[in-house]
Amino acid sequence: MAMETRLSLRQSQRVVMTPLLQQAIQLLQLSTLELQEVVQKELLENPLLEEVPTEPETPDSPQAPDVPTPPTSPLAPVEPSPVDKERTTDDLPFDLPAIMFDDDHEERSLVAQEERDELPFENMVRSESSLTDHLEEQLRFSTADPVIRRIGNEIIGNLDDDGYLRAEPSEIAQRCDVSVEEAERVLAMVQGFDPPGIAARSVQECLLIQLKSDPNPDPVSVEIVEQHFEDLSRRRYPDIARALKLPLDRVMESVEEIMGLEPKPGRRFGGNDSRYIVPDVVVHKMGGDYVVVLNEDGIPRLRVNSLYRSLLRTAGDEARQYVEQKLRSAVWLIKSVDQRQRTLRKVTQSIVKFQREFLDKGLPYLRPLSLRDVGEDIGMHESTISRVTTNKYVETPQGLFELKFFFHSGIASDGGDMVSSVSVKKMIQDLLANEDPSKPLSDQEVAQILKGRGLVIARRTVAKYREELGILPSHQRRLAPKRR
């Protein structure tokens with residue numbers, strides 16, 4: 001076969017991930033609070049970007065009734081003088097009015113005019129004592145010896161958020177230049193502080209400290225934790241009863257006491273870790289329809305600074321190149337934010353259309369939904385739907401939900417309809433919550449009950465959903481101690 005060299009032309013299309021395109025994709029995934037931070041950062045870095053000032057309405061101000069006020073464009077808030085008209089008509093590399101034409105003015109006005117009840121400042125800030133402060137205060141009242149205080153502060157400084165000691169006594173002794181025996185004596189003193197079980201090095205030691213803090217501890221409970229902790233953690237209660245030569249009921253009384261202990265004594269000192277979720281979208285019911293309103297509170301309206309645009313003709317080559325670069329970046333950001341808002345609104349409207357019964361009647365009527373269903377409905381790729389629903393929350397008449405919550409697989413029913421897996425989990429949870437504690441339902445029995453309700457579901461699927469709900473198997477539920 002002869003080898004020869006050829007020169008040919010081929011036309012093809014491919015997507016090039018430019019930095020601007022990457023920025024647009026990234027904006028899709030941001031929540032409203034994260035978008036605010038990005039926009040504020042761009043306002044500081046790009047001199048061509050500026051925020052459109054919000055002018056309060058003054059209905060009482062005098063105005064000529066017969067002279068209509070001409071509409072003003074965001075790009076030209078004031079009428080230019082004849083001298084400046086030439087500059088404002090300079091040829092630009094973009095059609096700015098077409099790019100930044102705001103057809104969402106009505107929705108922005110609705111959001112801006114919505115009355116919001118501001119919380120008093122004193123209700124938003126509270127002062128709580130941390131675990132370290134709580135223990136150091138007890139240490140100061142316990143001893144005046146500077147050496148013991150130094151060792152105690154070193155121990156307290158090595159506690160994690162759950163209250164466990166994450167350093168060995170030998171390390172503490174080395175840092176404080178004392179003997180290991182002295183460090184262990186101070187550790188025993190700290191372990192006697194409130195809350196009980198603090199400064200333990202394992203869960204077993206934490207439970208033992210709490211049991212022995214009782215003036216009259218139950219010897220069976222102490223022996224179970226000391227000698228049979230492995231069987232206790234695996235819920236092998238009959239094995240513990242045989243080893244202790246005690247009735248199972250007596251062992252279960254001690255197990256119930258142990259289960260009432262706190263395995264994480266520092267948890268209540270975790271501070272104010274509440275997460276306040278700001279909904280990105282709000283769904284209002286108005287009459288018989290649902291209206292989707294974007295939460296744009298805090299997102300500034302952007303425009304291009306007219307002063308810098310006028311430099312495109314008068315400036316030199318280097319300055320013009322800089323202004324053009326910043327202009328492209330500014331216009332692209334404005335377009336990307338606008339496109340993000342449009343896409344988010346379209347996706348939410350599609351979800352509302354599919355989940356209308358859920359919004360009307362509640363969780364049992366949540367229908368199965370996939371990203372492809374929404375994508376085909378609004379003409380977008382499912383990867384775009386996935387990005388725009390990431391870290392987004394919607395407030396509905398049924399409560400506050402993550403947008404990802406509405407996408408679930410389904411279970412086939414006898415009638416041919418699909419039932420959402422979330423609804424099936426709720427059924428399983430209700431069945432097991434109302435079962436007879438002495439005769440808990442097995443996974444197969446749950447599957448048979450659901451089959452009687454018209455749901456075709458396998459036993460292993462029931463077991464999977466039960467584990468996701470954090471519910472123990474039937475044999476462990478039968479042995480689980482009863483909560484008072």
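Once fully extended, how much extra length lies between ASP231 and ILE277, figured as 0.36 nm per residue of separation less the alpha-carbon to alpha-carbon distance? Write out the running numbers ahead of the final one.
Values: separation 46, 0.36 × 46 = 16.56 nm, distance 4.16 nm.
Gain on extension, ASP231 to ILE277, equals 12.4 nm.
What is the calculated FRET efficiency for MET286 to GLU435, with r their C-beta to C-beta distance and R₀ = 45 Å, to the nearest 0.05?
Values: r = 43 Å, r/R0 = 0.95.
It comes out at approximately 0.55.
Sort 428-436, 249-257 by the packing proxy (mean of other Cβ within 10 Å over each peptide's residues), most packed first. Working shown, then result.
On the way: 428-436: 13.3, 249-257: 17.2.
Put in order of decreasing packing, that is 249-257, 428-436.
Once both labels are modelled 7 Å past Cα along the beta-carbon direction, what's the VAL52-GLU445 spacing in nm?
Spacing of the two 7 Å Cα→Cβ label points: 6.4 nm.
Can you compute the label reach from LYS404? Point 7 Å from Cα along the Cβ direction, backbone N cut-off under 14 Å, restricted to the stretch 355-387.
371, 385-387
Can you classify the stretch 410-479 as rounded, prolate or oblate using the Cα gyration tensor, where a ≥ b ≥ c are the square roots of its eigenvalues, rounded means a/c under 1.5, and otherwise it's prolate if a/b beats b/c and oblate if not?
prolate
If each residue's Cβ is checked for other Cβ atoms within 10 Å, how do VAL462, VAL352, VAL222 rank with the fewest at the top?
VAL222, VAL352, VAL462
Determine ³J(HN,Hα), in whole Hz, for all residues of the stretch 227-244 in sequence, where each value follows from phi through the Karplus function 6.51 cos²θ - 1.76 cosθ + 1.60 and θ = phi - 60°; x replaces Gly and Pro.
In residue order, the calculated couplings are 9, 10, 5, 5, 5, 5, 5, 9, 6, 8, 5, x, 5, 5, 5, 5, 5, 8 Hz.
Most exposed first by the Cβ proxy, i.e. fewest other Cβ within 10 Å, how do MET427, MET380, MET259 rank?
MET259, MET380, MET427
Place the peptides 465-478, 191-204 in order of packing, highest mean first, counting for every residue the other Cβ atoms within 10 Å and averaging per peptide.
Values: 465-478: 14.2, 191-204: 18.9.
Going by the mean number of other Cβ atoms within 10 Å, highest first, we get 191-204, 465-478.
Please give the contour-minus-distance gain from ARG149 to ASP194: 0.36 nm per residue of separation, less the Cα-Cα distance, rounded to one decimal in nm. Each step should come with its number before you reach the end.
Working: separation 45, 0.36 × 45 = 16.20 nm, distance 1.67 nm.
Full-extension gain reported as 14.5 nm.
Taking 0.36 nm per residue of sequence separation and subtracting the Cα-Cα distance, how much length would be gained by fully extending the chain between GLU37 and ALA458, in nm to one decimal?
146.8 nm
Quick one: Cα centre-to-centre distance for the stretch 182-227 and the stretch 147-162, in angstrom?
After rounding, the separation between the Cα centres reads 17 Å.
Cross-link candidates for LYS245: which lysines have Cα within less than 29 Å, leaving aside residues fewer than 8 places away along the same chain?
Once the sequence-local lysines are set aside, what remains near LYS245 is LYS212, LYS439, LYS482.
No value in this document is a laboratory result; all are computed from the given coordinates. Values in this document were obtained by computation on a predicted structure and should not be read as measured data. FYI the Cβ positions are ideal-geometry reconstructions off the backbone, even for glycines, and counts take in every protein chain you see.
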